[in-house]
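So the structure is just underneath, and the comments pick up after that.
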Amino acid sequence: MEVVWAVGQVGAVWVAVVLGLVMLPSALGISLGISEAYMWVLVKTLEWATIRLQKGAKKPQLQMPQTPNANGIIERDETPMEKEIALLHRADFEFSHIFYFCRKGFEAIVEDEVTQRFSSEELLSWNLLTRTNVNFHYISLRLTVVWVIGVVVRYCFLLPLRFSLAAIGITSMIVGTTVVGQLPNSSVKNYLSEVVHLMCSRILVRALSGTIHYHNKENRPQKGGICVANHTSPIDAIILTNDGCYAMVGQVHGGLMGIIQRATVKACPHVWFERSEIKDRHLVTKRLREHVADKSKLPILIFPEGTCINNTSVMMFKKGSFEIGGTIYPVAIKYDPQFGDAFWNSSKYNIVSYLLRIMTSWAIVCNVWYLPPMVRKEDEDAVQFANRVRSAIARQGGLTELPWDGGLKRAKVKDTFKEEQQKNYSKMLVRNGSVG
Amino acid sequence: PGVPRGSAPVTSLLALAVTSEQIEHLHRRFKQLSQDQLTIRKENFDSIPDLEFNPIRGKIVHAFFDKRNLRQESDGLADEITFEDFLTIMSYFRPIEMNMDEEQLDRFRKEKLKFLFHMYDSDHDGKITLQEYRNVVEELLSGNPHLEKESARSIADGAMMEAASICVGQMGPDQVYEGITFEDFLKMWQGIDIETKMHVRFLNVDTIAHCY
């Protein structure tokens, strides 16, 4: 009898704690400052660790060219092909032409601009996570002790806490949206749906110990628009919905994800496609166009790269999103890898191990910039417009732009690219008058 | 950790100026290309998008497996290469150092030119024949629909004639120019600075406890 009473007491306390510390602040959008305090302690610890590491290393500082591009290990010669070949010789074709391509080939083999985007960004100093230290050099006893404490804190304390927060978040999302979905369509329903979505997003962000800085909030996406952002991980969507309501676009999944999708679509008009529908591009464009045309509907959220990139660059935007019309609101998301790597390498990790890694990182810190809205110009086609938007996002987020397709993670380069290069080269030769 | 020890020592050309960090970088790249196996095969080079761009891709990949470049006694092509072999090929692209003397520079140059020579001489007979040269030109010029095969041929023939005139001087009407030997090849490059064109320079990525 007493056991039941004791369990009841604990249960009541626990429920009170959850309601008071988690759900109410999330619903009202206020912060209790717990996350901030945690981040402060974390930053101080990592700074201390970095200083100890620097003291431990005894190498002299060499005076060789420092790399401005943090991801490159070789100095790539950016001279365009024409200049290089003109420098090498007179106009005709000679043995020397092979140099340029030979060197370019070697540069590509030693370091490849594209493949390195599908592996995690390298850190400049260790952040006390085992996964980011390939060669663990024993530096000092104190550092090892701190690292062990870190492991204990992360796995035994943070992980269960985050896991339960995530469970609370997902459950309240499903329950909340189902309840709201029962109401008849009205402005009250829309308001409540927004409240529920925001609250659950906030809980989920806390579940990841996320610290997000939003910049230029005045450019936040408006109703009837399309929000476009660079893609690094599945939690990008949560990062954005933490600050506003969007209509999600995506494929219908099974399992837990499917349950969430079915529940949320009752409360708010998200656009979920069946697998068969996704293949039909016209159908997809038509449905999205209808959604955008209705100015009372929430802005749709699209990630045009199509796959997760490691947050150091922005790859080719698929033009489909830019053919729908309407106003585009670009958003740049840049994660700080020092506290936790958000990149999901879907060919290496599955979603469960990815979530486990995220939940045992220190924190997810990122910056979100809302960019001014853009509209397609008269003389622009969808591809040019997509590139213009991409440049704006890359510039704001400090990412490099690559003309490559994110699909290269899994597929090979199209032959058309190779032929393009060969065409350029032979055009040059012909122009120099060496033919016949 | 991970860099194979106990195997044959790395060639002396390489041992000079490549730091252990750079070797670690290269080793990581090797593992990426080989997908965590101990050797790389030709198919592994298919996974490099930047390389697809390159018209002489075939010849470059071939060069990695060419036993002459790998300094092996036998001839022909290897099926797979180890990390040692990878470094051996990379050593052909080492930049020149400030503190090299005449003899080292000369040896260096010869090595690089030998590498290029092997790229042209695809049947490994020690001579670049007209047909082999035509192959290279066609590869470099393929992909342009406006350029017919005939034009590519005439370009190759023209260049070969020029090479012959440098190497052999005036030829009699029934003299047949068999092909460019390595000595002739060297002659052609006299006075032209190739060392600065054929190198890949590493940046100094000074990291303390390097992280992946």
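The values are calculated or read from the model by the stated rules, or taken from the named source; none is laboratory data. For clarity, every value in this text was computed on a predicted model and none was experimentally measured. Neighbour counts are summed over all protein chains in view; Cβ atoms, including those assigned to glycine, are modelled from backbone coordinates with ideal geometry.
The residue that is surrounded by the fewest Cβ atoms within 10 Å (Cβ to Cβ), among those in segment A:299-349 that are acidic (Asp, Glu) and touching a helix residue (DSSP H, G or I) at 6+ places or on another chain (Cβ under 6 Å), is A:GLU323.
When B:ASP101 is tested against (1) within 14 Å of chain A (Cβ to nearest Cβ); (2) without any contact (Cβ under 8 Å) to a residue 60 or more places away in the chain; (3) under 21 Å from B:ILE194 (Cα atoms), exactly one condition is not met: (1). Looking at this structure, is A:THR211 polar (S, T, N, Q), under 15 Å from A:LEU301 (Cα atoms), modelled with pLDDT under 90 and not in a helix (DSSP H, G or I)? No: the conditions fail for A:THR211.
In summary, A:SER296 fulfils each of the numbered conditions (1) modelled with pLDDT of 80 or more; (2) surrounded by fewer than 19 Cβ atoms within 10 Å (Cβ to Cβ); (3) closer than 25 Å to A:SER346 by Cβ with the single exception of condition (3).
Residues in segment A:365-407 that are closer than 22 Å to A:ASP243 by Cβ and at pLDDT below 85: A:GLY397, A:GLY398, A:LEU399. Residues that are at negative phi and touching a strand residue (DSSP E or B) at 6+ places or on another chain (Cβ under 9 Å) do occur in segment A:186-204.
Of the helices (runs of 4 or more DSSP H) lying entirely inside segment A:1-116, those containing at least 3 residues that are at pLDDT below 65 span A:81-88.
Checking each residue in segment B:68-96 for being part of a loop (DSSP other than H, G, I, E, B), touching a Leu at 6+ places or on another chain (Cβ under 7 Å) and either at pLDDT 80 or above or among the acidic types (Asp, Glu) (or both) picks out B:ALA78, B:THR82. Of all residues in segment B:3-30, which are at pLDDT 50 or above, of a type in the set (A, V, I, L, M) and not in a loop (DSSP other than H, G, I, E, B)? If the condition is that a residue be at pLDDT 50 or above, of a type in the set (A, V, I, L, M) and not in a loop (DSSP other than H, G, I, E, B), then B:ILE23, B:LEU26 are the ones that fit. B:TYR120 meets the conditions (1) more than 9 Å from every other protein chain (Cβ to nearest Cβ); (2) under 23 Å from B:GLY179 (Cα atoms); (3) in contact with a strand residue (DSSP E or B) (Cβ under 6 Å, 6 or more places away or on another chain) in every case but one. The failed one is (1). Can you find even one residue in segment B:31-54 that is modelled with pLDDT of 80 or more, more than 11 Å from every other protein chain (Cβ to nearest Cβ), closer than 20 Å to A:GLU111 by Cβ and buried (at least 20 other Cβ atoms within 10 Å of the Cβ)? No: segment B:31-54 contains no residue that is modelled with pLDDT of 80 or more, more than 11 Å from every other protein chain (Cβ to nearest Cβ), closer than 20 Å to A:GLU111 by Cβ and buried (at least 20 other Cβ atoms within 10 Å of the Cβ). Yes or no: segment B:181-193 includes at least one residue that is surrounded by fewer than 16 Cβ atoms within 10 Å (Cβ to Cβ), at pLDDT below 70, part of a loop (DSSP other than H, G, I, E, B) and of a type in the set (A, V, I, L, M). No - not one qualifying residue is present in segment B:181-193.
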